[in-house]
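*Asks:* Sharing a structure below in structure tokens format, with a few things to ask.
Please treat every number below as a calculation from the coordinates, not as lab data. Keep in mind the model is a prediction, meaning the values are calculated, not measured. As a convention, Cβ positions derive from the backbone with ideal geometry for all residues, glycine included, and neighbour counts pool all protein chains shown.
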Amino acid sequence: MLKARRAETSAKQEATLARQTTRFLVDLFAVSDPDESTGETITAREVLDRGAERIAQDLADQPLTQAELMNTIGDIYRKLGLYDRAIPILEKALRTRRKLLGARDPALPASLTSLATLYWTIGRYADAEPLYREVLEVQEARLGPDHLDVSKCLNNLAYHYESQGQYARAEPLYLRSQAIREKALGQEHPRVALGLHNLGMLYGDMGRTDVAQNYYERALAILDKVREPSHADYAPTLHNLATIYVEKGRPEDGERLHLRAESIWVRTLGPEHSQIGVSRKARGDAFMKLGRYDQAESLYSQSRLIAERALGPDHRNVAWALGGLGDVSRAQGRLSEAETHFRRALAIVEKALGPEHPGLASPLEGLASIRVDRGDYDGARPFLDRALRIRTTARGAEDPGLLPDLDEYARVLRKLGEEREAEGLESRAASIRRKSGKAATDPEDPRS
């Protein structure tokens, strides 16, 4: 009897909340009705801004309705890249729900996820992780370990760990998430394709490009069956498969897929969204492989500008664009300029992601290459040593992705007369090649 009364009370509360929310939204969007707006033209952004103001003013005495709408509008601000507007709204929504709702209320996970995702997007990783962990615990307790919503939480936490270079922590979470999806949804569902994409992303970051390519192509095969060719779900997988093609020496194919992905993102997100900056950086990499340095530099510059406007000057996306600019400057013999770019990129990544993140290896290698170009082999050594150590920690001691680092470091050591150390690295590289079937370093590798 008591349970029945509680269920009845909960149902009444939810119905009241739904009515209040609907009434508010109807009133809000009436401003875009020509019969109501007296000829005034109003943009979607202005509707959002007015909505945020009215939520704060008109719903102060209805805190749960206020929190519901704040979370919705905060999520929209985040997706539009308006992060400064989203932060206070999503933080207040979570505070209200924590205060008024129990730990098992279904509204709490939505607020936890929204704010965690925002924190992650703007680079506040230490703030994001406990929220991702909390929402996973809440959902497992509410729904059981095999629910699809738990799969989403596992995926989010795995993605957070992956972005921090903690691949060993990310892998089992991704695999568990994917197993739940395939069991619940079958083999040909968009969420299954998304899970395959995420596994491809992880293995790509780990340097296992063949495995990553297989996952991306499986994901695209599913999307080809269940989505229209211009659907937004295609863009991330097209983008990441394009990156694999560029890494494998197929830059023309990579640029073709990058352009298709970017056209989808521009249409769905707008030309100034941070994701467009990510796309421009990747396209710049393709042009670098083709030796078309002017086009690469233009794209890297666009990427940097978009990232700085959307995310601020100290975000990791800015660092990736600076790394590309450093590569272009070095390729064209502008060594002082290249060093400035690499040093700035290194400082940003260290501040944003910590002193052992895999993303540090690239600017370290860039700084080492400049020393080598100048004949300063002793100056190159500490950069190469640190880069190799970071990559080894992230990928394992026998990963083929270490070969360019091992080869370059061995060459530098021989220039310094450190024959025994050089032989040790060469022996290690030879062992990796035997086990993996990899050939010697591509002579066009920029570090060779």
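*Asks:* With N set to the number of residues, divide the alpha-carbon radius of gyration of the range 299-439 by 2.2 N^0.38 Å and report two decimals.
*Replies:* 1.10
*Asks:* About its Cα centre, how strong a charge dipole does the range 170-315 have in debye, to the nearest 20, once Lys and Arg get +1 and Asp and Glu get -1 at the Cβ?
*Replies:* Magnitude of the dipole: close to 240 debye.
*Asks:* Next question. Using alpha-carbon pairs under 8 Å, 6+ residues apart, how would you state the relative contact order of the chain in percent?
*Replies:* With pairs under 8 Å counted, the relative contact order is 7 percent.
*Asks:* Another one. Find which of GLY354, SER329, GLN275 sits farthest along the positive direction of the dipole of the range 249-390, computed with +1 on the beta-carbon of Lys and Arg, -1 on that of Asp and Glu, about the Cα centre.
*Replies:* The listed residue farthest towards the positive side: GLN275.
*Asks:* When the Kirkwood radius is taken over all Cα pairs of the range 135-264, what Stokes-Einstein diffusion coefficient follows at 20 °C and 1.002 mPa s, in µm²/s?
*Replies:* Estimated via Stokes-Einstein, D reaches 142 µm²/s.
*Asks:* Karplus couplings for the range 168-184 from phi (6.51 cos²θ - 1.76 cosθ + 1.60, θ = phi - 60°), rounded to Hz, Gly and Pro as x?
*Replies:* 5, 7, 6, 4, x, 5, 4, 5, 5, 4, 5, 4, 4, 5, 5, 5, 7
*Asks:* Could you derive backbone 3J(HN,Hα) for the range 82-89 from the dihedral phi with the Karplus parameters 6.51, -1.76 and 1.60 (θ = phi - 60°), listing whole Hz in sequence and x where the residue is Gly or Pro?
*Replies:* 9, 5, 5, 6, 6, 4, x, 5
*Asks:* With the radius of gyration and the Kirkwood radius both derived from the Cα set of the range 205-273, what is their ratio Rg to Rh?
*Replies:* Ratio of gyration radius to Kirkwood radius: 0.98.
*Asks:* Scaled to the compact-protein estimate 2.2 N^0.38 Å, what is the alpha-carbon radius of gyration of the range 176-218, rounded to two decimal places?
*Replies:* 1.12
*Asks:* Here is a further query. Stretch GLU419-ASP385 to full length: gain in nm at 0.36 nm per residue minus the Cα-Cα span?
*Replies:* Stretched fully, the GLU419-ASP385 segment lengthens by 10.7 nm.
*Asks:* List the aspartates and glutamates whose alpha-carbon lies under 19 Å from that of LYS435, not counting same-chain residues fewer than 8 positions away?
*Replies:* Qualifying aspartates and glutamates at Cα under 19 Å: ASP210, GLU398, ASP399, ASP405, ASP407, GLU423, GLU426.
*Asks:* To the nearest 20 debye, what is the magnitude of the charge dipole of the chain about its Cα centre, counting +1 on the Cβ of each Lys and Arg and -1 on the Cβ of each Asp and Glu?
*Replies:* 860
*Asks:* Now a separate question. What is the order of LYS99, LYS281, LYS152, fewest Cβ neighbours within 10 Å to most?
*Replies:* Ascending Cβ contact count within 10 Å gives the list LYS99, LYS152, LYS281.
*Asks:* Ok, one more. Take every Cα-Cα distance within the range 84-123, group them into 5 Å bins from 0 onward, and report for each bin the whole-number percent of pairs it holds.
*Replies:* Each 5 Å bin holds this share of Cα pairs: 5, 27, 32, 20, 11, 5.
*Asks:* Still on this model: What is the Rg over Rh value, at two decimals, for the chain, using alpha-carbon atoms and the Kirkwood definition of Rh?
*Replies:* A ratio of 1.03.
*Asks:* Right, something else. Any chance you could give the angle, 0 to 90 degrees and rounded to 10, that helix 361-373 forms with the longest Cα principal axis of the chain?
*Replies:* In the chain, helix 361-373 runs at an angle near 30 degrees to the longest axis.
*Asks:* Here are some pairs, LYS183/LYS281; LYS183/LYS248; LYS225/LYS248; LYS152/LYS289; which of them have Cα atoms lying more than 30 Å apart in this structure?
*Replies:* As for pairs spanning more than 30 Å Cα to Cα, those are LYS183/LYS281; LYS183/LYS248; LYS152/LYS289.
*Asks:* Using each residue's phi in the range 250-260, evaluate 6.51 cos²θ - 1.76 cosθ + 1.60 at θ = phi - 60° and report the 3J(HN,Hα) Karplus result to the nearest Hz, with x for Gly and Pro.
*Replies:* With the stated coefficients, the range 250-260 comes to 10, x, 5, 5, x, 4, 4, 5, 4, 5, 5 Hz.
*Asks:* Return the Rg/Rh ratio of the range 274-322 with Cα-based radii and a Kirkwood Rh.
*Replies:* 0.98
*Asks:* Which of ALA107, ALA296, ALA261 moves most in a GNM of the chain, Cα contacts under 10 Å?
*Replies:* ALA107
*Asks:* Hey, what angle do you get for helix 293-311 against the long axis of the chain, alpha-carbon based, 0 to 90 degrees rounded to 10?
*Replies:* Tilt of helix 293-311: around 40 degrees.
*Asks:* Related question: With charges set only on the Cβ (+1 for Lys and Arg, -1 for Asp and Glu), what does the dipole of the range 335-432 come to about its Cα centre, in debye to the nearest 20?
*Replies:* So the magnitude is around 260 debye.
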